[in-house]
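J.: Sharing a structure here in structure tokens format.
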């Protein structure tokens, strides 16, 4: 992926990332293991690591054979009045910008 595409991603729409420090460090560790320490500078949880469907919506597709980065998210369970009853932990698969290509 060339620098122009990275710039497009970084200035484009943000993801639904909620800002958990533990999930950020979980993804950083996997990026470091796969692409090295140098690639951490390109990690921006709001732009460069997204779900499969989020990348599709932006006009990108996951390259064949790529394996997802594993993370977690929490789903809020609310009652009819909107009161929070519980938070349920759910696995989440993300793909880094290096794992996607522009749909032609």
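The values are calculated or read from the model by the stated rules, or taken from the named source; none is laboratory data. None of the values given here were measured: they were computed from a predicted structure. FYI the Cβ positions are ideal-geometry reconstructions off the backbone, even for glycines, and counts take in every protein chain you see.
J.: Can you name every one of the strands (runs of 3 or more DSSP E) wholly within segment 61-104 that holds 3 or more residues which are in contact (Cβ under 8 Å) with a residue 12 or more places away in the chain, in contact with a helix residue (DSSP H, G or I) (Cβ under 6 Å, 6 or more places away or on another chain) and loosely packed, with under 12 Cβ neighbours inside 10 Å?
T.: In segment 61-104, no matching strands (runs of 3 or more DSSP E) lie anywhere.
J.: Looking at the structure I just gave you, is residue 33 at pLDDT 95 or above and assigned to a loop (DSSP other than H, G, I, E, B)?
T.: no
J.: I need every pair where a residue in segment 34-48 that is without any contact (Cβ under 8 Å) to a residue 24 or more places away in the chain and at positive phi has its Cβ under 8 Å from the Cβ of a residue that is surrounded by 14 or more Cβ atoms within 10 Å (Cβ to Cβ) and not in a loop (DSSP other than H, G, I, E, B), sequence separation at least 6 or different chains.
T.: Within 8 Å, no pair qualifies.
J.: Here is a further query. So, in segment 20-51, how many residues would count as being loosely packed, with under 14 Cβ neighbours inside 10 Å and closer than 17 Å to residue 90 by Cβ?
T.: Matching residues across segment 20-51 total 1.
One line per residue, one yes/no per condition, for (1) under 12 Å from the mean Cα position of the chain (by Cα); (2) modelled with pLDDT under 90:
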site: 2; (1), (2): no, yes
site: 7; (1), (2): no, yes
site: 16; (1), (2): yes, yes
site: 39; (1), (2): no, no
site: 43; (1), (2): yes, no
